[in-house]
Amino acid sequence: YEIGSGLVGSEMCIRDRKNAGVEAKGSIGKWYTPLSAWRVNGTIMYKAKTSSKMNLHYAGLGMDYMISLATLAKGYSPNHVIDVVPFVGVTAGLVRRYGKFRAVPGLDAGVQVKLKVASSLYLYAEPKVGIRTDTYDGSEQGRPDRVASMVGGLLYRFKMPTFQ
């Protein structure tokens, strides 16, 4: 099992590309083979503008499928110092903007680069891109809203007991 968290600066690629938001993310997952894993993550995001009507609040849950490229290239070893882990996933969230709440599903893809700093502790960076329904930014544009973010943080891998 792994648990990770971090802070992110989120650039939402909507009409106004100059305003970044602040996002916090936590996740928990399980490697069910040495090559592939799943994880569930929770995200909260806040993006402010000068007008209080333009503030955007988002809270969502996501589920990702992940693959270890270090294991794919070199075979399984618990001693990989660096690993590159691409992922794809689905999200569902709730956004509040212009005083309205909307349900917002979406899709994400990205890559997690992790560096082992101790036996169970990793530093990681995770850029990702995604699409959300047309209501993510609070306006109807007739096309999905695009989002991009870069998260960095710590990841802890739990040692699970072995039963015989």
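Taking the conditions (1) within 20 Å of THR133 (Cα to Cα); (2) at pLDDT below 90 in turn, GLY26 satisfies each one other than (1).
Every listed requirement among (1) closer than 23 Å to ARG157 by Cβ; (2) open to solvent by 50 Å² or more (accessible area, probe 1.4 Å); (3) touching a Phe, Trp or Tyr at 6+ places or on another chain (Cβ under 8 Å) is met by LEU94 save one, (1). The set of residues in region 115-125 being in a strand (DSSP E or B) and over 15 Å from ASN41 (Cβ atoms) consists of LEU115, LYS116, LEU121, TYR122, LEU123, ALA125. Restricting region 110-159 to residues that are open to solvent by 70 Å² or more (accessible area, probe 1.4 Å) and farther than 30 Å from HIS80 by Cα leaves a set whose member that is modelled with the highest pLDDT is ILE131.
For ASP64, state whether it is of a type in the set (Asp, Glu), crowded, with 18+ Cβ neighbours inside 10 Å and over 20 Å from ARG157 (Cα atoms).
Details: of a type in the set (Asp, Glu): yes; crowded, with 18+ Cβ neighbours inside 10 Å: yes; over 20 Å from ARG157 (Cα atoms): no.
No.
The values are calculated or read from the model by the stated rules, or taken from the named source; none is laboratory data. Since the structure is predicted, the reported quantities are computational estimates derived from the model, not experimental observations. So basically every Cβ, Gly included, is an ideal-geometry build from the backbone, and we count neighbours across all protein chains shown. Ligands, DNA and RNA are stripped out before the accessible areas are found, and what is left, the full protein with its side chains, is counted by its heavy atoms. Shrake-Rupley method; radii C 1.70, N 1.55, O 1.52, S 1.80 Å.
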